[in-house]
Each structure stands twice: as structure tokens, then as C-alpha cells.
Protein chains: 2
Amino acid sequence: MSASMRELALAARAAAPAIAALSSAAKRAALLRMADELERQAPAILAANALDVDAATAAGRAAHLIDRLRLDPARLAAIAAGVRAVAGLPDPVGQVTREETRPNGIRVTRVRIPLGLIAMIYEARPNVTADAAALCFMAGNVVLLRGGSEAFNGNRAIAAALRDALRASGLPEAAITLIEDLRRESVLELLQLSDLVDLAIPRGGESLIRFVAEHARVPVIKHYQGVCHLYVDASADPELALRLLIDGKTTRPAVCNALETLLVHAAVAPTFLPAAIHALGERGVEVRGCERTRALSPAVAAATDADYAAEFLDLVIAVRVVDDLEQAIAHIRRYGSDHTEVIATRDDDAAETFVGALRSAVVMVNASSRFSDGGELGLGAEIGISTTRLHAYGPMGAEALTIERFVVRGAGQVRHPPVP
Amino acid sequence: MSASMRELALAARAAAPAIAALSSAAKRAALLRMADELERQAPAILAANALDVDAATAAGRAAHLIDRLRLDPARLAAIAAGVRAVAGLPDPVGQVTREETRPNGIRVTRVRIPLGLIAMIYEARPNVTADAAALCFMAGNVVLLRGGSEAFNGNRAIAAALRDALRASGLPEAAITLIEDLRRESVLELLQLSDLVDLAIPRGGESLIRFVAEHARVPVIKHYQGVCHLYVDASADPELALRLLIDGKTTRPAVCNALETLLVHAAVAPTFLPAAIHALGERGVEVRGCERTRALSPAVAAATDADYAAEFLDLVIAVRVVDDLEQAIAHIRRYGSDHTEVIATRDDDAAETFVGALRSAVVMVNASSRFSDGGELGLGAEIGISTTRLHAYGPMGAEALTIERFVVRGAGQVRHPPVP
């Protein structure tokens, strides 16, 4: 019989003070050892993953799902390299973010400490097991990993390697715990442990996120959709705008920072849109447009309201001609998902209006939506992208897995000094 | 018939972009106008509050509850002064917290933006209506205020004054909305609006917090208990320790940063404790102690396990003699509420061990627990104290009502440059 979620969480929490207290050097050494173990145990990990791939193939799963699931020597090497990269990140724990001496002489500092116990709930990408464990560990946290059942054998082999490295480093193995109970009830139980779990991070499709958000009594950082927009302003450099469009829509359409909607200022639509639609068509992108778009490119299909709200995650794009910047902003406010928006413009005022009027996590001026990624934005690594305007917003790195607390040093100051 | 919670939230959200876009100067001017209106409308506010006080008196409510409810000219002047103080705070919105140019030339900045729509759910303190509204407004947010039914008439008069000031400033009144539907169902409805409400902040007794946490589908920042500890180390200056004890326990026992438990190192217990217990007794504090405490002061009642976990909020203190620093830390980890802990010591190593081993929101070295307060710690004002290790931890000021997002400025960079 497998351990209950409460037992696993209690064991992880018992390990938390030791992990929180580690020096940066000790964490880095342990992470490098984890990377070494992943490489040393590659044959076992690849064999375990092959079982998962075989089962998924026998079950007739879609090719792109099997591709996400599959490990090979190169992908496993990349996972180990990712763990080494995390070891090279700045350690957020112990960072003093503010310091002030108050008029009464007490010295108030704000210092980053780990969040505590993080529950990662994810689908069938075995790399998340190592990525999330490494990032949580670098930020001084302990982690419960609940991966998808389809990736279970590979996940277990990866977790075993990570725990071997913990043990060899003299650290409690419970700091990185893979949940082996694959019943849905175990996730539900985990999400109720509000006295033990500091944060749940679901990572996967929208239905997983909604399931977690719906049932959680623990705090959740959510990442719903990436309905990312490119707005081509009247003053845009058309070549630059086309480059952003092609990069954002076609280089990896299945990811959340891919473009889903193109908005074009009416003044440049007649010159920009036909060429852009032609370029998209050449790359296999299906275009669905508004009436004004179709007047310019009659072969384009009509876009519905649902198309403007859609996260296609595919070679499909919705296009709309707008009267001006204000209409573009109104469109994004109505249909957007607060993930990433881009403006192509040579007009600084238009850029600042666009940035100021939208509350999306990432706003780009003349840069591709595909940069909306922890690595590209300089976080070193990312555990997810928050579209919740709380705690962290946008790509989350190690720092987002810590919290600032207050440390006060005095010389006996009291709030109400006794009357002599 | 009163408007539904969804209608009120939609109206508030419609006002959000205008408030988020305000300059610091415009926000300050509007806040000063709010303070003026509170003073100008003082007769109406005091008359409305008197209705609440009369009803509570007729209902036989406890004297301390009626005292919290009651406004008088001095208290109302203090509320107006609080709003003026918020107008003088640094504006967190637009602050650039980080700036980096990536190797590909894109400039990545992190900029504070408002959270959006905040729902304050609180009990019978009418001052919260003005305090919370002012702080949310300064941070560029719109707010739905759901105060306790007992304070309703006073809250409505205060909200009317604040909205008059908004209107006179040319701003949408929906930015500060008092919910007039006092049924419990309206709170439940509000807590389900996950597409509209960015954050709920319950402020009041533990049962209110648990009710909100239990039913919320929107993010909640929780403040449960303040079971604050003072640990008197072997090396403590006894006079300093006694001063912290008296200030922490007796100056305002009903607040969350009051001390609830005293831990004393065994080496100094024989000299420190009898005098400390005598001083507490002189001030009317009931002491409940462990066996070793009672061996030193036989008149002391025996402490139970429940006493060590209790937030007395009264002139009662639990006392325990511990073998050493480690036992003090273990005690606080077991019984503490992660709010505020204090060490009295002359040993820097002991202080650092104490700070490092505990994950409480505020840790004090030789300073009173009563400084665990937004004003005292330099935040200028506070909307609450978070004991959840997410988003904000400890006293929350205006900055905690904002979030950092990414703004990227480029010159047409793409992630996958086309092969020439």
C-alpha cells in the first residue's frame, strides 16, 4: 500500500528546514551531483521511459503526445544540462532586498526565504520531473512531484537518480518526492493539505489547470491560456512586423507564447495584410479574418467570435483590421488572456500607450512574442508562466519560488516605552 | 433590489483601466480630496455610525466590540489623517524593479502594475472602509468593500464621502464600491468570481478568514493567528528581555502582534523568570507555565498543550523553560503561526541561528514583537498581515497590492531568425 499524501507531505516538510538552511555552495554541489546521476543512470532512465512510450503507442496515443513523452540520449543530456544550468543560477535565498533603519533605531531588512513545500502537478513530459525538482531545490524548497501516469516509469527512474544524489550529498531524500499513487483521488487529497503545502503549480493543458484550481484548498499559481496578439501599428516598419509575425506564429505554434491573433491598423492594412497573408499561407498557416481582411484577401475564411478567443496552438491565426490603437487595445482587453502582447511600431507614444493600457504579464515593443520565456527574459530557467496577477506574473524562475520576509535587529526598542 | 455581485464587479472592472493609468499626482490629489470629504461630511458619518452603535448596544454586544465600532470626531479625524498619509506614500505603480539588456539586444524591464480588482471582506471596524479604499486606490486598484453588517450605516456614509471625492475628481465612482447586500450569500457569490476578482483579503477573526479561505475560488491572502513568541536566550540582557516582555504582552494584548508565549533558556530561568512573572502579575497578566516554571514560581497555573497553541488575545501568557536554543526553535516550529518571533540575546550566533531556523514572516532580534506592523516597519500603511508564504508575507503595504510584469523593448528581434 502506498503512503498517503499527508504522510508524504509530512515527510517532505520534515526535510524542509535542512534544505532551507543549505548554503548556495552546498545546493550547487548537490545539483551537479544530480546532473551526474542522471547521466550515470541514463540506461535505466531510457529503458523505463521506453516502457512508457511503448504503452502509449499501444494505446494509440497521438504522435505529438508520444513525442513529448519520449526521451533519447540527446534529450536526457539536455535535461542534465538543464540541472547544471540551474546550479549556475544566482541563489535567491538570503538575498536582502531592502534595508532601512527606522527613526527609533531598529534596522528593518527584507530577506528572501524559500516558500516551503511545493506541489508540482503536471502531465506527460518527463523533463518536468528534473527541471522542477532542480529549480525548487535551488530556491531552498522541498517538492512533491505528481506527474502524469503515462510518464510514470521514466519519472520514477529520474526521481530515483535525483534522490540518489541527495543521499550521496548527505541530504534527506524526502526533499524530492515523486508521488507514485496515480489515482485522481491522490491529487484531490494533495490539494486539500492547506496546513502542509505552501503552493501548488499545475503545469499542462487547460483542463488540468482548471481541475487543480477548482479543487485546491492550497494556494495555486495558474497558467491558463496564451492568446497572444501582435498589433501592427500605422507607423510600423512592415518588414519588422512581418518578421515578428512569422516568428511568433510559425516557429513553434503549439507553445503558449505563439501568436494567435494579428491586429492591423486600417491605414496599413491594404499594403501590409495581403503580403502577410501570402507569407503565412506559404508556411501552411490557415488565416481566418474579419470582413475588412477578406475584402483585401478574398480567399481568407471568415473569423468568428470564438476564433478571436481561441488559443489555436496550431498553424491557424485570426486576423482583424482595427481603426486605430484604441480599438486594438479594446480588442485585446476583451479577448486576451493576459499572457503576452506585441506592438510593432515606430511611434514611441503609441508604444507607451499600448504598454500602459494593457495589463498582460509580458508586453513587447518590436520584439517577438516567442521571447516570453524564462530563459529568454533572463531568469535562467522557468518553472511555469503565471497568468494570475498574484505573487508572480509571467515567466517564473527561482526567485518566484521564494518570498520576502522581515528581519528586524534592535537594541531593546519597545513600542510603548514605560513612563519613567 | 440590489445589484448582483457580478454586476458590481463588472462595473468596478470597467473602472480599473482609468484608475491604473492615473499619474501619482492625480492619485494624490484625489486622496487628499477624499480626506477633505471625510472631514466635511463628518456630521453625517458620525450620525450614521451612531445608529450602528445604538443597534449594537441594544443587541447587548460586548463592550470591546462596541468600542471597535464607535467613531467619534477624534477617530474620524485620524481616519482622514490616515488617508492623507497614504497620499504621501511612494507610488508603487510604474516602478522599474529590474532592467537588463539581453545578449540579443532586447531590453527587459520589470515594472509594477496594479493587481486589478481587490475584494476586502472585513468585520465591524468602520476605519477599514477608508484605510483599505485609500491603499488600494494609491496602488492603482479598484476595490469592492464588504464590511460587517453591524458597521453598515457608518461604512455607507464613509464610502459616500469617498465616492463624492472620486466624482469631484472626474473619476469613476465604481472604483470604490461598498457592497450593500449584507447576506452571507453575497460573500459566497463574490468569492466565486474568479474571472473578475484578482484578490480577496479577509480581515477579521479567524472564523471569517476560514470561511473565506474555504469558499473562495479567487486568490486569497490569509492572516490567521499571531501566536508570537519571545525567547530569552542564556546570554540575554535581563532588563532588555523584561522590557520586550512587558511591551509585547501588556501594551495591547488584543492585537495579533502581542506576545502569547515566553520561552526561557534553563540557564537564566532561575534568575529571570521569578522577576518576570512578578512583573507580569503586577500588570494583571495570568501566567500558565510548564513544570520547571512552576518549580520556580509555585503560584503559576499549569500550562496545557492547548495553551502553547493559543492566541489568547488577552492578558494571559504561556511560559516554558527550554534546555537550549534548539529546543526553543523546535517549540516555535511546532506551536507557532509563522507571524512574529523575538529573540533576546547578546550572542550574535544565537541570533543568526534563530533567524535562519524560523520561517516566520517577521523575526526580531532584541526588539519588541509590537513592531510587527506596516507603519512601524516603514511601509507607511498596511492593508493586512499575510501569514501565507505567497505574494506577500508579513505586513502588506501599497507595494503588496501591485505585481511586477515584464516589458520588453526591441528592434525587431525574433527567436528563430530566418535562414538567409
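We did not get these values from a lab; they are worked out from the coordinates using the rules stated. All values derive from a computational prediction rather than experimental measurement. Every residue, glycine among them, receives a Cβ derived from its backbone with ideal geometry; neighbour counts consider all protein chains shown.
Placing a label point 7 Å from Cα along the Cα-to-Cβ axis, A:Ser235 is separated from the same position in the other copies by 6.3 nm, shortest listed first. Summary of the geometry: region B:206-281 and region B:383-412, compared by the centres of their Cα atoms, lie 28 Å apart.
The GNM of chain A, with springs linking C-alpha atoms under 10 angstrom apart, assigns the highest mean-square fluctuation among A:Val53, A:Val407, A:Val220 to A:Val407. Both radii are taken from the alpha-carbon atoms of region A:228-371; with Rh as the Kirkwood radius, Rg/Rh is 0.91. Each other copy places its own label point for B:Gln192 at 2.2 nm from this one, sorted shortest first, where the point lies 7 Å along the Cα-to-beta carbon line. Counting Cβ atoms of other protein chains within 10 Å of each Cβ in A:385-397 and taking the mean gives 5. Under the combined filter of DSSP loop state and at most 13 neighbouring Cβ atoms within 10 Å, region B:140-183 retains these trypsin sites (Lys or Arg not before Pro): B:Arg183.
Charging the Cβ of each Asp and Glu at -1 and of each Lys and Arg at +1, and nothing else, the dipole of region B:246-312 about its Cα centre rounds to 160 debye. For chain B, hydrophobic long helices are taken as DSSP H runs at least 18 Å long by C-alpha position along their axis with mean Kyte-Doolittle hydropathy of 0.5 or more; these are B:5-20, B:42-58, B:73-87, B:269-282. Chain A has one residue whose beta-carbon comes closest to the axis relating it to chain B; that residue and its distance in whole Å are A:His391, 2. Over what distance in Å are the Cα centres of region A:110-152 and region B:37-93 separated? The two parts, judged by their Cα centres, are 47 Å apart. What are the aspartates and glutamates whose alpha-carbon lies under 15 Å from the alpha-carbon of B:Lys222, with same-chain residues fewer than 8 places away excluded? Reachable aspartates and glutamates: A:Asp195, A:Asp198, B:Glu123, B:Asp198, B:Glu206, B:Glu214, B:Asp338, B:Glu382. For the peptide A:364-374, the mean number of other protein chain Cβ atoms found within 10 angstrom of a residue's Cβ is 6. In the assembly of identical copies, B:Asp347 has its label point, taken 7 Å from Cα in the direction of the beta carbon, separated from the corresponding points by 6.9 nm (ascending, one decimal).
Assuming charge only on the beta carbon of Lys and Arg (+1) and of Asp and Glu (-1), the dipole of region B:228-371 about its Cα centre is about 360 debye to the nearest 20.
Ordered by the count of other Cβ atoms within 10 Å of each Cβ, fewest first, A:Cys228, A:Cys256 give A:Cys256, A:Cys228.
Footprinting exposure proxy ranking of A:His331, B:His278, B:His339, fewest other C-beta atoms within 10 angstrom first, gives B:His278, A:His331, B:His339.
Ordering B:Pro270, B:Val355, B:Gly281 by the projection of their Cα atoms onto the charge dipole of region B:228-371, which places +1 on the Cβ of Lys and Arg and -1 on the Cβ of Asp and Glu, puts B:Gly281 at the extreme positive end.
Be a star and scan region A:38-65 for residues whose amide nitrogen sits under 19 Å from the point 7 Å along the Cα-to-Cβ vector of A:Ala81. Label zone hits: A:38-43, A:46. Assuming charge only on the beta carbon of Lys and Arg (+1) and of Asp and Glu (-1), the dipole of chain B about its Cα centre is about 1380 debye to the nearest 20. For A:Ala236, the residues 5 or more places off, or on other chains, whose built amide H falls under 5 Å of its own are A:Arg346. Peptides B:56-67, B:373-384 ranked from most to least packed give B:373-384, B:56-67, packing being the mean of other C-beta atoms within 10 angstrom over each peptide's residues. Fewest-first ordering of A:Glu291, B:Glu286 by other beta carbons within 10 Å of each residue's beta carbon gives A:Glu291, B:Glu286.
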